[in-house]
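Student: Sending over a structure as structure tokens; questions will come in a sec.
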Amino acid sequence: MTKIAICGALGRMGTTIAHLINEADGLTFVGGVDIRDGSLLGQPVYPSTEIRTFLQEMKPDVLIDFTIAHAAVENIIAGAEAGTALVVGTTGFTPEQRSKIDEAIAGSVPAVISSNYSVGMNIFWRLVREAAQRLGDYDIEVIEAHHRYKKDAPSGTARTILEIIGEETGRTECLYGREGMTERKDEIGVHVIRGGDIVGDHTVLFAANNETIELSHRAYDRAVFAHGVIRAARFVTGKTPGIYSMDDVLGL
């Protein structure tokens with residue numbers, strides 16, 4: 001039985017993942033940490049400041065992190081020090097934070113790191129890459145929408161989309177929203193919507209004279225991400241230390 005713990009256990013994603021773990025064969029939820037302490041599904045949830053105590057006492061095989069960037073860095077470092085495999089879904093890391101993460105993981109533990117664990121989104125990224133290869137001279141706009149409580153903008157998923165487009169077209173200049181008199185140049189327009197309980201919508205628009213092509217992905221339930229996280233947790237168990245992507249998990 002693989003023991004799974006969650007950082008951010010009492011959050012929206014954490015609780016969704018925990019319920020799916022308890023329904024999955026061969027996996028068991030052993031608790032986690034959160035900014036609040038308490039319990040979830042009968043398992044202990046420690047305060048975030050006690051991550052090392054939790055890891056020492058509960059000895060999980062896999063630590064899943066869905067928190068915020070600065071907290072995730074400390075959780076990942078603690079997990080690596082404890083020799084615990086990692087699945088990281090937190091986004092919004094600065095280059096300096098990502099460097100600390102890579103250094104902590106290197107040669108220590110296996111880790112899956114992704115800005116989106118939806119199977120559909122990982123296929124979507126591939127479609128965006130192919131479109132960017134063939135439509136690199138079109139005007140490109142990226143639109144994303146999430147619930148009102150999401151902290152980082154643009155989303156980690158949208159940032160991955162922009163990275164893909166940049167790799168395929170060489171275009172890396174972004175304009176975040178428009179106001180006043182603006183004349184389009186070669187920038188990529190990026191538009192962020194926050195409201196209600198939107199789970200996650202992403203659209204890439206390629207526009208030329210007389211035609212437009214839109215690629216869109218819409219998540220209706222957080223379970224689509226949680227199912228991908230479960231696949232990543234199964235994948236990472238027993239793997240050679242290093243950083244893996246969802247492409248590795250899905251065999252893409």
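The values are calculated or read from the model by the stated rules, or taken from the named source; none is laboratory data. Nothing here was measured: the structure is a model prediction, and the numbers come from that model. Please note: Cβ atoms are built from the backbone with ideal geometry, for glycine as well, and neighbour counts cover all protein chains shown. Quick note on the areas: whole protein, heavy atoms, side chains included, nothing else; ligands and nucleic acids left out. Shrake-Rupley method; radii C 1.70, N 1.55, O 1.52, S 1.80 Å.
Student: Taking residue 132 and the conditions (1) over 18 Å from residue 92 (Cα atoms); (2) open to solvent by 20 Å² or more (accessible area, probe 1.4 Å); (3) in contact with an Asp or Glu (Cβ under 6 Å, 6 or more places away or on another chain), which numbered condition does it fall short on, given that it satisfies the others?
Tutor: (2)
Student: In addition: Among the numbered criteria (1) buried (at least 23 other Cβ atoms within 10 Å of the Cβ); (2) within 22 Å of residue 242 (Cβ to Cβ), which one does residue 33 miss?
Tutor: (2)
Student: Going through the range 44-73 one residue at a time, which ones are open to solvent by 60 Å² or more (accessible area, probe 1.4 Å) and touching a residue at least 24 places away in the same chain (Cβ under 8 Å)? Steps first, answer last, please.
Tutor: Step one: of the range 44-73, the residues open to solvent by 60 Å² or more (accessible area, probe 1.4 Å) are 49-50, 52, 56-57, 59, 61, 68, 70.
Hits for the range 44-73 are 52, 56, 59, 61, 68, 70.
Student: Would you pick out the residues in the range 86-119 that are touching a strand residue (DSSP E or B) at 6+ places or on another chain (Cβ under 6 Å), open to solvent by 10 Å² or more (accessible area, probe 1.4 Å) and not β-branched (Val, Ile, Thr)?
Tutor: Passing the criteria: only 110.
Student: What number of residues within the range 168-199 satisfy the criterion of being open to solvent by less than 90 Å² (accessible area, probe 1.4 Å) and in contact (Cβ under 8 Å) with a residue 40 or more places away in the chain?
Tutor: So the answer is 12.
Student: Please find, within the range 201-214, the residue that is surrounded by the most Cβ atoms within 10 Å (Cβ to Cβ) out of those that are over 20 Å from the mean Cα position of the chain (by Cα) and part of a strand (DSSP E or B). Walk me through it before giving the result.
Tutor: Kept after step one, since they are over 20 Å from the mean Cα position of the chain (by Cα), are these residues of the range 201-214: 205-214.
The next check asks that each one be part of a strand (DSSP E or B); those that pass are 205-208, 211-214.
Numbers: 205: 17, 206: 21, 207: 16, 208: 11, 211: 8, 212: 11, 213: 13, 214: 12.
By that ranking, first place goes to 206.
Student: Taking the stated definitions as given, is residue 218 outside any helix (DSSP H, G or I), under 23 Å from residue 128 (Cα atoms) and either open to solvent by 60 Å² or more (accessible area, probe 1.4 Å) or touching a helix residue (DSSP H, G or I) at 6+ places or on another chain (Cβ under 6 Å) (or both)?
Tutor: yes
Student: Another question about this same structure. If I filter the range 74-84 down to residues being open to solvent by less than 10 Å² (accessible area, probe 1.4 Å) and β-branched (Val, Ile, Thr), which single residue comes out as farthest from residue 98 (Cα to Cα)?
Tutor: 84
Student: Conditions first: (1) open to solvent by 40 Å² or more (accessible area, probe 1.4 Å); (2) among the hydroxyl-bearing types (Ser, Thr, Tyr); (3) closer than 17 Å to residue 215 by Cβ. Residue 155 passes all but one, so which condition is the exception?
Tutor: Only one criterion is unmet by residue 155, namely (1).
Student: Let me ask something else about it. Within the range 135-166, count every residue that is in contact with an Asp or Glu (Cβ under 7 Å, 6 or more places away or on another chain) and among the acidic types (Asp, Glu).
Tutor: Residues flagged as in contact with an Asp or Glu (Cβ under 7 Å, 6 or more places away or on another chain) and among the acidic types (Asp, Glu) within the range 135-166 amount to 1.
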